[in-house]
Amino acid sequence: MPSPSPSPEPAPNARAAAPLRDPAFLSFVLARMLTMFAQQMQAVVVAWQVYDITRDPLSLAYVGLAQFLPMMGLLIPAGDLSDRMSRKRLLTISWLLASVCSGLLWLLSQSGMHDVNWIYAVLVLFGCSRAFSGPALQSLLPQIVAREQLAKALATNSMLMRISAIAAPVLGGLLYALGGGVLTYAVCGISLILGAALLSQVPVRFAKLKAPSADDQSTMWQRFAEGLRFMRTRPIILGTISLDLFAVLLGGVIALLPVYAHEVLKVGPQGLGLLRSSMAVGEVCMGLWLASRPINRSVGKVMFAAVAVFGLANLVFSLSHWFVLSMLALAVAGAADMVSVYIRSALVQFSTPDHMRGRVNAVNMLFIGSSNELGEFRAGSSASWFGVVPAAILGSLCTLGVVGAWMTLFKPLRDVDTLEDTARVGTGKES
């Protein structure tokens, strides 16, 4: 694929400006906030609807599984397309498909259908849209902002996403209480369409797709294998994304929040929205700190410490029967998760050349999807087998075990000092 002609680079004083002063970056994050807002509201309402219909924790497991399976199946074409076509166009199409899913959920609510299998079917289609939006979204930001501003842009972007994640679950719960799924899904669909329209106006100024024609003659499988070989020779990338996978897969409690709201804390859909927002509040507070003071010393050790705090905070939540303490524990977990997400995103972006970001981020998104959607399946099934509280406690303890194991298995990641070190560590022979 021929390399697009990059637009003239901004003047040095523009590069030195804060990311939010860049109109392109501002439009990008506003589009992301709209779509994140829609997805967070939809997640709250879908989980509440499914559990309200079935009263079975296992049904929440299938909510995560329905979204994860298509993401796993479409990993290879999604990563390859993200490196072969305009990432902005691919992301726009994916968001429009997600809006169709919101429309279908609206129709199901409008018709009064109470068969959760139809909801699962729509979530499979939604998982397909996320499979293609994930790699494109993660790979697009370095094409919008200059490398000198990338660390600050990543922190600012993450913080703003969490701001939308604070209000969205609360509003989702309120909208559901006011107008049920009919009102909530309509708002979700409109937000996704507006986000796609805004994204179409964002200029791509730093695209550096690979120019040689060898990739054009190779197969999709060969190109994806190249991305896997690259990751295998970078223990920092492999350790970073696998740490996130297993820590959240084993210890995440988000999928259990509807059960805690129903059975343990007895706070209803509004309380469920507050619980979901509590984690986002912690993420935003930490994001504000990182946006002004990006971490760039002892980043490996800081990341392991953050994941350990995440596990401890989830353990406190698991044991709590007091609503305020539960909210505080989730806020601490959110702050720790923000540190982990910021460092992971920066390490992957700094370590990966632009022409390979789609494939690397496809694997990264599979790991993230595994830790979130497959983690929901793990949490729901464990709660069905052992009970909700024992399942949450066991998962939190497993997270702490993963931290200890990964510190031993991935010494190069543990020893990373600055973000710039990632480009020099390479194959890990220096460790």
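The values are calculated or read from the model by the stated rules, or taken from the named source; none is laboratory data. Treat the numbers as computed from the prediction; the structure is a model and nothing was measured. A quick note on method: Cβ atoms are made from the backbone with ideal geometry, for glycine too, and the neighbour counts reach across all protein chains shown. Calculation scope for accessible area: heavy atoms of the full protein, side chains included, ligands and nucleic acids excluded. Shrake-Rupley method; radii C 1.70, N 1.55, O 1.52, S 1.80 Å.
Report, please, the projected area of the range 143-208 averaged over directions, based on the convex hull of its C-alpha atoms, in nm². Numbers along the way, then the final one.
Numbers: hull surface 21.6 nm².
The orientation-averaged projected area of the Cα hull of the range 143-208 comes to 5.4 nm².
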Practice problem: Could you tell me what fraction of 2.2 N^0.38 Å the Cα radius of gyration of the range 42-176 comes to, as a two-decimal ratio? | Solution: 1.19
Quiz item: Once both labels are modelled 7 Å past Cα along the beta-carbon direction, what's the ASP115-THR233 spacing in nm?
Solution: 5.3 nm
Quiz prompt | Label-point separation in nm, VAL324 to ASP417, each point 7 Å along Cα→Cβ | solution = 4.6 nm
Quiz item: Rg and Dmax of the range 216-321, using alpha carbons, in Å: what are they?
Solution: 19.0, 60
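Please compute the length gained on full extension between LEU288 and PHE386, using 0.36 nm multiplied by the number of residues separating them and subtracting their Cα-Cα distance. Intermediate results must be reported in sequence, preceding the final value.
Details: separation 98, 0.36 × 98 = 35.28 nm, distance 3.86 nm.
Length gained, LEU288 through PHE386: 31.4 nm.
Taking all protein chains in place and a 1.4 Å probe, what share, in percent, of the accessible surface of the range 221-362 do carbon and sulfur account for?
The nonpolar share, carbon plus sulfur, comes to 71 percent.
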Quiz item: Ratio of Rg to Rh for the range 43-89, alpha carbon only, Kirkwood?
Solution: 1.22
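Applying a 10 Å radius around every beta-carbon, put 56-63, 342-349 in order of their mean neighbour count, most first.
In descending order of packing, they fall as 342-349, 56-63.
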